[in-house]
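Asker: Following this message is one structure expressed as structure tokens.
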Amino acid sequence: MSKTNPGNFFEDFTVGQVIRHATPRTVTEGDRAVYGSLYPTRFAVPSSAEFAASVGLDPHPVEELIAFHIAFGKTVPDVSLNAVANLGYAECRFHQPVVPGDTLSTTSEVIGLKQNSNGRSGVVYVRSTATNQRGEVALDWARWVMVHKRDVDAPAPEPVVPDLAPAVAAEDLLIPAGLDFSSYDETAAGEPHRWSDYEIGERIDHVDGVTLTDSEHQQATRLWQNTAKVHFNVEARPDGNRLVYGGHVISLARALSYNGLANAQLIAAINAGAHTAPAFGGDTVYAWSEVLDKAETPAPGVGALRLRLVATKGRDESMTLKDPETGKYAAGVLLDLDYWALVPR
Amino acid sequence: MSKTNPGNFFEDFTVGQVIRHATPRTVTEGDRAVYGSLYPTRFAVPSSAEFAASVGLDPHPVEELIAFHIAFGKTVPDVSLNAVANLGYAECRFHQPVVPGDTLSTTSEVIGLKQNSNGRSGVVYVRSTATNQRGEVALDWARWVMVHKRDVDAPAPEPVVPDLAPAVAAEDLLIPAGLDFSSYDETAAGEPHRWSDYEIGERIDHVDGVTLTDSEHQQATRLWQNTAKVHFNVEARPDGNRLVYGGHVISLARALSYNGLANAQLIAAINAGAHTAPAFGGDTVYAWSEVLDKAETPAPGVGALRLRLVATKGRDESMTLKDPETGKYAAGVLLDLDYWALVPR
Amino acid sequence: MSKTNPGNFFEDFTVGQVIRHATPRTVTEGDRAVYGSLYPTRFAVPSSAEFAASVGLDPHPVEELIAFHIAFGKTVPDVSLNAVANLGYAECRFHQPVVPGDTLSTTSEVIGLKQNSNGRSGVVYVRSTATNQRGEVALDWARWVMVHKRDVDAPAPEPVVPDLAPAVAAEDLLIPAGLDFSSYDETAAGEPHRWSDYEIGERIDHVDGVTLTDSEHQQATRLWQNTAKVHFNVEARPDGNRLVYGGHVISLARALSYNGLANAQLIAAINAGAHTAPAFGGDTVYAWSEVLDKAETPAPGVGALRLRLVATKGRDESMTLKDPETGKYAAGVLLDLDYWALVPR
């Protein structure tokens, strides 16, 4: 019998099933450096141990997206190896900073199942939780993904669609213990714009673009031990292209957003996310943001901005999210991400 | 007089000669991260400090192949800068885990010489030993390589061909101090297959493929301070291709073998190895393994599997090593490596 | 109003102006590893913590160019985002070794301004100083760069051209505290040539070449948080090429110079530097050096060599710096760098 992992198919999942994913992974300063070589990140907290300590974060946290990609990567072999499409994220909260030396493990619970009307695939909803070596939650999130059936004649399960919040409520945001922006050094951080300078509805064109290379997206995706074949193997897709991991576009757009949102230091939650078009090596990616909401937090000097982060193939200075005629995502939109950032007030 | 290193030619070697190679190199957590960005490795021991400690390995070892490539790279400027071909490896044993902070130095002794009948080159046999900062052996191995003569008229040395074992005997394997697989967590490791689940003669198709890029193999090879020109310079070969370092294919195949051999956690020895065809950027590499032998070890819960690891250009589901008609390696075979892995019983 | 950084234009600078640059950056062992994957560096001091300690340097310093690129990268968003050309460096001194854990911040003072006769741009002279988390100077340097005017009708400032030394005087070199080459291990270092073996006027062809890839130069440049668009975005230049960051060529040439200058362990100062032609992915870069001067130092066993380091596109075995007819840089010359290295006597 084959010893290799065929991945799970739609009919292998049952609501309530708990999957403990391989492989635990220790985060290191090496991850921070490789991340910095792959994304143009300049946020002062992950860049500088001194700056982080000056806002109450010591030891020196890595970017939340490093923790997210590592934790997410672990779910791929069990959840999405046979996926048709990654449909969405919700209710992702970062419970505490991840620091070098932390070891992350991920567990998922199946929280919903719905077979598609074509009978060939179905949507699997999971809630995944990444814990550190002390058994504490580092982050958790819900995700739903369309997965092939192995056998189209397998019976459809009772449909269960979980009730997921459209966004994490501001009062449910988890603020890192000790975070204090009351003596925040905006010159060191790179921009003067604080929480009060941003208005709901405001859009920010992040201006800069980065041309993707296959080597770089492969290296990034591999660093997270993500095993989806389409990212690494030109023989895996009929067009011979290596599909860029959606998380690569998230990290790239987040890094580009520094230019205009340099003080959006920490990601507290990801409310929703859609990968609206594929990206490939050679594409030039730009980003823009929209302020969706604002909230105060109990932490000293810390406000929260709810931001839409949009990545586009080619720059769209008009910052158009959806085609007004069709209501669909505008041509060139690659990513529509909705998240909460922590910003000095 | 030129101050640059021309490398040694065949007539520069004498049996019994000892070469202390430059440059000592300190292993760091950065090496682990870069390695993880270049190879799809997921073995739990090198991935997780917690998992490693749970099997008795603390501090957290890096992959044996990191140590191998670093130790090997040091020999290139002295042994194989003028090589025609790397012919084989034998008797490679890992004496103890290498951990971040260790500094490796390599020394080689010439153990054999045999001029080729054409008079233009000869085979040099060396035994190389890498030691750490405490002077303890980290690994050692024998290697033979065909090297150009500088002067075809230089007299041939008395031929000496060392007697190298076809494989390290199971009883000569060195088990890391403290290694204990008796409470091994196979869910965290990623697969349920233990030592007793593998049968001699069994073949495992590792299924996944990775398309090589020039950037990635250059970065890997450079990380090991390997200076062979053909890997980095399009002007070094008539075809304008950058030859992929054979060790890159070894590391890639080893990482791909996780899928089916996730519990082959540690490499105890390399018995033999042949780079049977060149690889280049754009090639898509797959791997399969064959169980050659099995042995018990005195360490608690630890068994040994002797494995053949074959890398191929393009996937060969038939897992054919040699063409039955010619007896030569089948088209597409890039690597034939024979090693001992330590596996939970 | 736009929140993104438009960069400064020529008329935004005034003599005496002090700019504290974002973002402080902590150096880690990860940087050393990524650097080692991008450049073929083999100098024993940055390669080996043991070797470094044996010459009095403990903790283990990273390459001076890591510190230089990080410190330099910080100045780009404020000084050279609207640059036409980077014209030169002078008076760069490394005040103390930078070690993992150090956090670097950079401040620049405008020390000169001179509008070009065409009225469209001008030359900005800055002296930049990078300090560590203890407020001590790690390195400083002067640089001048041609910057666009925003408004061609803006009045020209009073021209101020600073008096910069053609080279750092030998007696002004700063030797790392504790540096002692009196029991230097030249076998470990890789070459026997010491300070006394080099003669003024001597040229060394470093022989080896490296073919550039876009992925690699992007990764390097990003690691330094350098944001100049031309390095990352094929849409930023009419020719669709990504311009290689000049510092990438410096690091590559320095690494290649190991072959013939393996004992030029530390960079004490950069006297001058010119990027004489652009480099792009696909170019194959070689290097040669010329000994410009020699000096003793008060540190035990430590001499200083003043070296010209020239990078070329394609190998030039004739090592021709300038075309004898035109007096201009010879075709293929990419870099002309003048620096002081510390070498065992």
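Asker: So which residues in the range B:257-284 are within 14 Å of chain A (Cβ to nearest Cβ), part of a strand (DSSP E or B) and either of a type in the set (S, T, Y) or touching a Gly at 6+ places or on another chain (Cβ under 6 Å) (or both), if there are any at all?
Answerer: B:T284 - this is the single residue of the range B:257-284 that is within 14 Å of chain A (Cβ to nearest Cβ), part of a strand (DSSP E or B) and either of a type in the set (S, T, Y) or touching a Gly at 6+ places or on another chain (Cβ under 6 Å) (or both).
Asker: Still on this model: If a residue has to be modelled with pLDDT of 95 or more, assigned to a loop (DSSP other than H, G, I, E, B) and basic (K, R) to count, how many in the range C:195-244 make the cut?
Answerer: 1
Asker: Right, here's the next one. Keeping to the range C:19-37, report how many residues are within 14 Å of C:I70 (Cβ to Cβ), in contact (Cβ under 8 Å) with a residue 12 or more places away in the chain and not charged (D, E, K, R).
Answerer: So the answer is 9.
Asker: Output the residues belonging to the range B:253-307 that are aliphatic (A, V, I, L, M) and free of Cβ contacts under 8 Å to residues at least 60 places away in the same chain.
Answerer: B:A277, B:L307 - these are the residues of the range B:253-307 that are aliphatic (A, V, I, L, M) and free of Cβ contacts under 8 Å to residues at least 60 places away in the same chain.
Asker: Conditions first: (1) touching a residue at least 60 places away in the same chain (Cβ under 8 Å); (2) within 30 Å of C:N5 (Cα to Cα); (3) within 13 Å of chain C (Cβ to nearest Cβ). A:S183 passes all but one, so which condition is the exception?
Answerer: (3) is the only condition that A:S183 fails.
Asker: Next question, about the same structure. Across the range B:226-240, which residue is surrounded by the most Cβ atoms within 10 Å (Cβ to Cβ) among those that are at the interface with chain C (Cβ under 7 Å from one of its Cβ atoms) and more than 24 Å from the chain's Cα centre (by Cα)?
Answerer: We begin by selecting, within the range B:226-240, every residue at the interface with chain C (Cβ under 7 Å from one of its Cβ atoms); these are B:227, B:229, B:232-235.
Filter once more, keeping what is more than 24 Å from the chain's Cα centre (by Cα): B:234-235.
Numbers: B:V234: 17, B:E235: 13.
Checking each candidate, the answer is B:V234.
Asker: Within the range A:129-172, which residues are assigned to a strand (DSSP E or B) and without any contact (Cβ under 8 Å) to a residue 60 or more places away in the chain?
Answerer: Once the filter is applied, which keeps residues that are assigned to a strand (DSSP E or B) and without any contact (Cβ under 8 Å) to a residue 60 or more places away in the chain, the range A:129-172 yields A:T129, A:T131, A:V137, A:D140, A:A142, A:W144.
Asker: Being closer than 16 Å to C:R315 by Cβ and of a type in the set (A, V, I, L, M, F, W, C) is the filter here; which residues of the range C:268-291 pass it?
Answerer: Once the filter is applied, which keeps residues that are closer than 16 Å to C:R315 by Cβ and of a type in the set (A, V, I, L, M, F, W, C), the range C:268-291 yields C:A277, C:A279, C:V285, C:A287, C:W288.
Asker: Let me spell it out: the conditions are (1) within 11 Å of the chain's Cα centre (by Cα); (2) within 15 Å of B:Y339 (Cβ to Cβ); (3) of a type outside the set (S, T, N, Q), and B:E91 meets all of them except one. Which number is the exception?
Answerer: (1)
Asker: Tell me which residues, restricted to the range B:113-126, are surrounded by 20 or more Cβ atoms within 10 Å (Cβ to Cβ) and not hydroxyl-bearing (S, T, Y).
Answerer: B:L113, B:G122, B:V123, B:V124, B:V126
Asker: Determine which member of the set A:R254, A:R306 is at pLDDT 95 or above, under 20 Å from the mean Cα position of the chain (by Cα), of a type in the set (K, R) and part of a strand (DSSP E or B).
Answerer: A:R306
Asker: Given the criterion under 23 Å from C:I270 (Cβ atoms), more than 22 Å from the chain's Cα centre (by Cα) and either buried (at least 19 other Cβ atoms within 10 Å of the Cβ) or away from chain B (no Cβ under 14 Å) (or both), identify the matching residue among C:I200, C:I175.
Answerer: C:I200
Asker: Can you go through B:A299, B:A274 and tell me which one is modelled with pLDDT under 95 and in contact with a Leu (Cβ under 9 Å, 6 or more places away or on another chain)? Break it down stepwise before answering.
Answerer: Details: B:A299 fails: modelled with pLDDT under 95.
Being modelled with pLDDT under 95 and in contact with a Leu (Cβ under 9 Å, 6 or more places away or on another chain) holds for just one of B:A299, B:A274, which is B:A274.
Asker: Only residues that are at the interface with another protein chain (Cβ under 7 Å from one of its Cβ atoms) and touching a strand residue (DSSP E or B) at 6+ places or on another chain (Cβ under 7 Å): list them for the range C:209-225, please.
Answerer: C:G209, C:V210, C:T211, C:Q225, listed by residue number.
Asker: Going by what's in this entry, would C:P59 be described as out of contact with any helix residue (DSSP H, G or I) (no Cβ under 6 Å at 6 or more places or on another chain), closer than 30 Å to C:E186 by Cβ and not polar (S, T, N, Q)? Full working, then the answer.
Answerer: Working: out of contact with any helix residue (DSSP H, G or I) (no Cβ under 6 Å at 6 or more places or on another chain): yes; closer than 30 Å to C:E186 by Cβ: yes; not polar (S, T, N, Q): yes.
The answer is yes for C:P59.
Asker: Another question, if that's okay. If you go through the range C:308-334 one residue at a time, how many are surrounded by 24 or more Cβ atoms within 10 Å (Cβ to Cβ) and either touching a residue at least 40 places away in the same chain (Cβ under 8 Å) or in the same structural domain as C:A90 (by TED's automatic domain parsing) (or both)?
Answerer: Residues flagged as surrounded by 24 or more Cβ atoms within 10 Å (Cβ to Cβ) and either touching a residue at least 40 places away in the same chain (Cβ under 8 Å) or in the same structural domain as C:A90 (by TED's automatic domain parsing) (or both) within the range C:308-334 amount to 4.
The values are calculated or read from the model by the stated rules, or taken from the named source; none is laboratory data. Bear in mind the structure is a predicted one, so any value in this text is a computation, not a measurement. Ideal geometry is used to build each Cβ from the backbone, glycine not excepted, and the neighbour counts take in all protein chains shown.
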